[in-house]
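Written below as structure tokens is the structure these notes are about.
The values are calculated or read from the model by the stated rules, or taken from the named source; none is laboratory data. Keep in mind the model is a prediction, meaning the values are calculated, not measured. Cβ placement follows ideal geometry from the backbone for every residue including glycine, while neighbour counts extend to all protein chains displayed.
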Amino acid sequence: MIDFQQVSKTYPGSIRALSNINLSIGKGELVFLAGRSGAGKSTLLKLSAGIERPSSGALLVNGQDLGRIKAATLPYLRRRLGLIFQQQRLLQDRDLLANVMLPLLVTGSSRQEAEKRARAALDKVGLLDRARNLPQSLSGGEQQRIAIARAIVHRPQIILADEPTANLDRESANLVLETLKAFHGVGVTCLISTHDEHFLDSATRVVWLARGEIAESWRRMDAETGSPA
Amino acid sequence: MKLWLRQHHQALLQTLTGAWRHLGSFGFNAVVLAVALALPFAGFTLLENLRPVSGQLAVEPEISLFLELDTPRAKARELEPAIRAILKEYQSAASVEFVPREQALATLQKRSNVPDALATLGSNPLPDGYVLRLQGYSEPDQAGRIGQIATRLEALPGVETLQVDSDWIKRLAALINVLRVGLVLLACTLGMVVIAVVFNTIRLQVMTQQEEIEVSRLVGATDAYIQRPFYYSGALLGLCGGILALVTVNLGLQPLNAEITDFARLYASEFRLLALPLPLALTLLAIAAALGWCGALLSVKRQLARLARQGS
């Protein structure tokens, strides 16, 4: 699903954000990216979403090499991804329904269809009754759940979440994480970055990054079957 | 096809909603465009009104031949075959009318406001003459040939003077040509102004909607999807500016016509300025919309490339 092969990323000024990353994430996996600020988590997610391009190595997402993908093809790849950002990036002058409808409208869905599916997504994150509210009327945790609704409304194959629980209180953070895990439960591949070790206790696979390199990687195995939990 | 139409419908709806939401700034920009467009539109209206006038004048240019005063009537009548021969030589169809001096005086007395003054002259001072109405000169440019005919006619025996009315037709034709070229240059210059105004307006719109553009890209919007509403916005601005300009020009015709009608009556003419015919008006509006579209196209491409470089 996502395959990093010797991927490095260097920013102008010889700032090396990632070095020789080898990482393979299979279909339906839930992977946490852990590490301190500046470890390279956001860069790795940006590369996975095609926001940045690798400086070297090969990065395959859904079989497409993001280092060589044409700019015109990128939007079609992104339609299979659900992106969640630390700053939710909701459109402040649009109500929540319009925000969640956006990924459907850009792919050519009719307004009726988009509205129907957006309402269903808002229902899943428990905020349907706020559909006509503007984002600024919501708490940080609620805004993050709207961002999740926007990320899943078009039924993506992969969810990439960059610090979705940052700046949230514990209760809100748990709620956001539970929502994401629910989508993983229906077969969506999730790659979530966090610096909050509290959430790693329940993780099945964690990749630790330090100074742009994979410092540690472990996978929780099912005690009975011996396969990944 | 259905998807394509739906996306255009959405973009148009988005444009109209945006224009309605920011009606003040949209209206102000349309007024700026209208000011730029009003001048060429007024020029086109003037030229369109002058065209039939100049055409009508050029259709039947007149040549008046005045014979020597002491030319016997019989000799005067004998000139007609020679005149027709010259016209035939130049392949010019014309009506040739002999005007006896008595008839000329009667006509003068009828038209003139000074019959008493004419009566004091005692004898008729007017000579016999011919009036030639040339046909087939639908274009003012053909007036040059009339000069050659006139030279030949003037050389006929017994001809005292000759008066050609093609000279001022030539001048009018030349003036209209100058006006036409000037108007095209003016229209080009002001067309650039329209493009520049729309360019800047759209640039500001892109900057205002930068976050929306970036988010749209991240959720899978193509460049075409992002650009479309801006194109419609530019075209709508051009169209509204054009409509405003057209309305302004047409409203301006009313007070102008009040003065022109009085002036034209002095020359026994019913001339007045008319609004542009509908097909031409629609063509000008389409051009205005196309200019707006061009301005938006140039601006959006440039701004989106800039945003892409910034890494959105």
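When residue B:228 is tested against (1) over 29 Å from residue A:151 (Cβ atoms); (2) more than 22 Å from the chain's Cα centre (by Cα), only condition (1) is not met. Name the single residue, out of those in the stretch A:119-165 being more than 14 Å from every other protein chain (Cβ to nearest Cβ) and touching a strand residue (DSSP E or B) at 6+ places or on another chain (Cβ under 8 Å), that is nearest to residue A:95 (Cα to Cα). Among them, the one singled out is A:144. For the stretch B:141-246, the helices (runs of 4 or more DSSP H) that sit wholly inside it and include 2 or more residues that are out of contact with any Phe, Trp or Tyr (no Cβ under 9 Å at 6 or more places or on another chain) and within 14 Å of chain A (Cβ to nearest Cβ) are B:210-218. So in the stretch A:164-196, with the set limited to residues that are polar (S, T, N, Q), more than 15 Å from residue A:125 (Cβ to Cβ) and crowded, with 17+ Cβ neighbours inside 10 Å, which one is modelled with the lowest pLDDT? Filtering first and then ranking leaves A:194. Specify the residue that is surrounded by the fewest Cβ atoms within 10 Å (Cβ to Cβ); the eligible residues are those in the stretch A:121-146 that are in contact (Cβ under 8 Å) with a residue 40 or more places away in the chain and hydrophobic (A, V, I, L, M, F, W, C). The qualifying residue surrounded by the fewest Cβ atoms within 10 Å (Cβ to Cβ) is A:134. Taking the stretch A:11-47 as the range and being outside any loop (DSSP other than H, G, I, E, B), out of contact with any Asp or Glu (no Cβ under 6 Å at 6 or more places or on another chain) and within 19 Å of residue A:219 (Cβ to Cβ) as the test, the residues that pass are A:21, A:22, A:23, A:25, A:30, A:31, A:32, A:33, A:34, A:41, A:44. Taking first residues from the stretch B:223-252 that are surrounded by fewer than 20 Cβ atoms within 10 Å (Cβ to Cβ) and partners that are not in a helix (DSSP H, G or I), the Cβ contacts under 7 Å between residues at least 6 apart in sequence or on separate chains come to B:250/B:275. Here residue A:15 does not qualify as surrounded by 15 or more Cβ atoms within 10 Å (Cβ to Cβ) and among the hydrophobic types (A, V, I, L, M, F, W, C).
The number of residues in the stretch B:1-25 being small (Gly, Ala, Ser) and either under 12 Å from residue A:111 (Cβ atoms) or loosely packed, with under 11 Cβ neighbours inside 10 Å (or both) comes to 1. Restricted to the stretch A:35-65, and to residues there that are touching a Gly at 6+ places or on another chain (Cβ under 8 Å) and surrounded by fewer than 19 Cβ atoms within 10 Å (Cβ to Cβ), the residue that is nearest to residue A:17 (Cα to Cα) is A:53. Here residue B:117 meets the list (1) modelled with pLDDT of 85 or more; (2) out of contact with any strand residue (DSSP E or B) (no Cβ under 7 Å at 6 or more places or on another chain); (3) assigned to a helix (DSSP H, G or I) almost entirely, failing just condition (1). The set of residues in the stretch B:21-49 being within 14 Å of chain A (Cβ to nearest Cβ) and either under 25 Å from residue B:283 (Cβ atoms) or assigned to a helix (DSSP H, G or I) (or both) consists of B:21 alone. For first residues located in the stretch A:152-178 and closer than 14 Å to residue A:141 by Cα, partners that are of a type in the set (Phe, Trp, Tyr) and assigned to a helix (DSSP H, G or I) and lie 6+ apart or on another chain with Cβ distances below 9 Å form the pairs A:165/A:199; A:173/A:199; A:174/A:199; A:177/A:199. Checked against (1) in contact with a Leu (Cβ under 8 Å, 6 or more places away or on another chain); (2) surrounded by fewer than 20 Cβ atoms within 10 Å (Cβ to Cβ), residue A:161 passes all but a single condition, namely (2). A search for C-beta distances below 6 Å between a residue of the stretch A:48-59 that is within 14 Å of chain B (Cβ to nearest Cβ) and any residue that is part of a loop (DSSP other than H, G, I, E, B) and not β-branched (Val, Ile, Thr), counting only pairs 6+ apart in sequence or on different chains, returns A:50/A:66; A:53/A:67. Taking the criterion of being more than 11 Å from every other protein chain (Cβ to nearest Cβ) and either under 17 Å from residue B:225 (Cβ atoms) or part of a loop (DSSP other than H, G, I, E, B) (or both), the residues of the stretch A:61-79 that qualify are A:62, A:63, A:66, A:67, A:68, A:69, A:70. Take residue B:275 and decide whether it is within 18 Å of the chain's Cα centre (by Cα), part of a loop (DSSP other than H, G, I, E, B) and either surrounded by fewer than 22 Cβ atoms within 10 Å (Cβ to Cβ) or in contact (Cβ under 8 Å) with a residue 24 or more places away in the chain (or both). For residue B:275, the condition - within 18 Å of the chain's Cα centre (by Cα), part of a loop (DSSP other than H, G, I, E, B) and either surrounded by fewer than 22 Cβ atoms within 10 Å (Cβ to Cβ) or in contact (Cβ under 8 Å) with a residue 24 or more places away in the chain (or both) - is met.
Of all residues in the stretch A:80-118, those satisfying the criterion of being without any contact (Cβ under 8 Å) to a residue 40 or more places away in the chain, farther than 16 Å from residue A:138 by Cα, more than 9 Å from chain B (Cβ to nearest Cβ) and buried (at least 17 other Cβ atoms within 10 Å of the Cβ) are A:114, A:115, A:117, A:118. Criterion applied to B:47, B:69, B:65, B:57 was being more than 30 Å from residue B:245 (Cα to Cα) and at pLDDT below 85, and the one residue passing it is B:57.
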